[in-house]
Structure formats: C-alpha cells, structure tokens
Amino acid sequence: MRMDNERETVVNGKEIQISITGFMEKNTGKFMKELWTLLLSAQNNSSGVPQQFLDAREAEAKSKEAAAKKRQDEAIEKADQLASELGKKREREHKNRRPEDEKRADEKNGVKEMIYEDPVTGADFEKQTLTTTTGKKLKYGSLIIATGCTASRFRLNV
C-alpha cells in the first residue's frame with residue numbers, strides 16, 4: 001500500500017482484526033476474510049477496484065438492458081396487436097356500412113357533392129378550384145383530400 005509520501009506501509013491484518021473484534025464480535029473472522037479477498041483483488045486490478053465489484057456492476061447493467069429490451073419488445077408487440085385489432089375493426093365497419101348511412105353522414109356534415117370516378121388532376125388553391133380528368137372545374141369552400149391510404153408502421157430498434 002502506498003501513502004502520499006510514497007513510502008511503503010505494512011498493514012498488519014491481525015492488529016486490525018483485534019481492533020474491530022469488540023465492534024464486530026463473532027463476525028470479525030468472516031469480515032476480515034472477505035476484506036482481505038477484496039483488498040487483494042483490488043491490488044491485482046489495474047483500476048484498483050475489486051473484480052467482483054466490477055463483475056457485479058456489469059451483470060447489473062446487462063440485467064437492466066435486458067429488462068429494457070423486454071419492455072420495448074412488449075410495447076411494440078402490444079402496439080402491433082392494437083393496430084391489427086383496429087384494422088380488423090375498420091374492415092368490419094367498412095363491410096357493414098350501407099350507402100344510405102354514408103349519405104346521411106354526408107348531408108349531416110354539409111357535403112354537397114362526392115366524386116368517385118373522375119380523379120382530380122389539378123388544383124388551384126388561390127382560386128379554390130379543382131380540375132378533373134374529364135376537364136370538369138369544381139369550386140370549393142373547404143377541401144378534404146381522402147387518398148384512401150393507411151400509414152405504415154416500422155419497427156425501430158432503439
């Protein structure tokens with residue numbers, strides 16, 4: 001063991017054991033054995049820390065990492081499950097809808113005209129007009145563009 005003044009100091013384990021026996025009582029021998037094992041390990045390790053402490057810290061970090069990965073995988077699985085259930089629900093609703101229901105919803109929301117077979121090819125947002133493939137010009141007050149697509153979900157490994 002080195003001190004600040006760079007001289008060797010000899011530690012007498014027997015003296016330490018006798019000094020702490022009053023405090024530790026019957027556990028003194030066990031404590032001293034563990035202490036010496038740790039001191040020797042720290043002395044042999046370049047970091048000055050007992051190897052079993054380093055190993056325990058590494059195991060704890062790996063355990064926390066594995067738990068976080070498990071929680072992330074469970075969350076992704078749950079999100080995928082919910083998205084699948086929502087997609088199935090939407091498919092059922094789409095299959096069960098009636099044209100007369102759509103008309104009532106359109107009228108309720110103030111929709112004047114819906115065009116299904118004549119795609120829009122141009123839009124003039126300043127004049128609020130649309131042009132279709134047949135050349136028809138449509139004026140609008142409010143415009144909702146429904147493309148019919150669904151969002152894609154990508155798994156991210158963070």
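The values are calculated or read from the model by the stated rules, or taken from the named source; none is laboratory data. Every value quoted in this text rests on a predicted model; they were computed, and no experiment measured them. A quick note on method: Cβ atoms are made from the backbone with ideal geometry, for glycine too, and the neighbour counts reach across all protein chains shown.
I need every pair where a residue in segment 29-55 that is closer than 16 Å to Ile18 by Cα has its Cβ under 8 Å from the Cβ of a residue that is surrounded by 11 or more Cβ atoms within 10 Å (Cβ to Cβ) and not β-branched (Val, Ile, Thr), sequence separation at least 6 or different chains.
Gly29/Gln17; Phe31/Met24; Met32/Gly13; Met32/Gln17; Trp36/Gly13
Of everything in segment 116-130 that's under 43 Å from the mean Cα position of the chain (by Cα) and among the hydrophobic types (A, V, I, L, M, F, W, C), which residue is modelled with the lowest pLDDT?
Looking at residues that are under 43 Å from the mean Cα position of the chain (by Cα) and among the hydrophobic types (A, V, I, L, M, F, W, C), I get Val120.
Out of all the residues in segment 37-45, is one or more over 40 Å from the mean Cα position of the chain (by Cα), on the phi > 0 side of the Ramachandran plot, assigned to a helix (DSSP H, G or I) and loosely packed, with under 12 Cβ neighbours inside 10 Å?
Scanning segment 37-45 turns up no residue that is over 40 Å from the mean Cα position of the chain (by Cα), on the phi > 0 side of the Ramachandran plot, assigned to a helix (DSSP H, G or I) and loosely packed, with under 12 Cβ neighbours inside 10 Å.
Would you point out the residue of segment 123-132, among those that are assigned to a loop (DSSP other than H, G, I, E, B) and not aromatic (Phe, Trp, Tyr), that is surrounded by the fewest Cβ atoms within 10 Å (Cβ to Cβ)?
Glu126
From the set of residues in segment 133-158 that are outside any loop (DSSP other than H, G, I, E, B) and at pLDDT below 90, which is surrounded by the most Cβ atoms within 10 Å (Cβ to Cβ)?
Leu138
Out of (1) within 30 Å of Gly148 (Cα to Cα); (2) modelled with pLDDT of 90 or more, the odd one out for Val111 is which?
Going through (1) within 30 Å of Gly148 (Cα to Cα); (2) modelled with pLDDT of 90 or more one by one, Val111 breaks only (2).
Quick one: in segment 77-98, of everything that is among the hydrophobic types (A, V, I, L, M, F, W, C) and free of Cβ contacts under 8 Å to residues at least 60 places away in the same chain, which residue is farthest from Thr150 (Cα to Cα)?
Result: Leu82.
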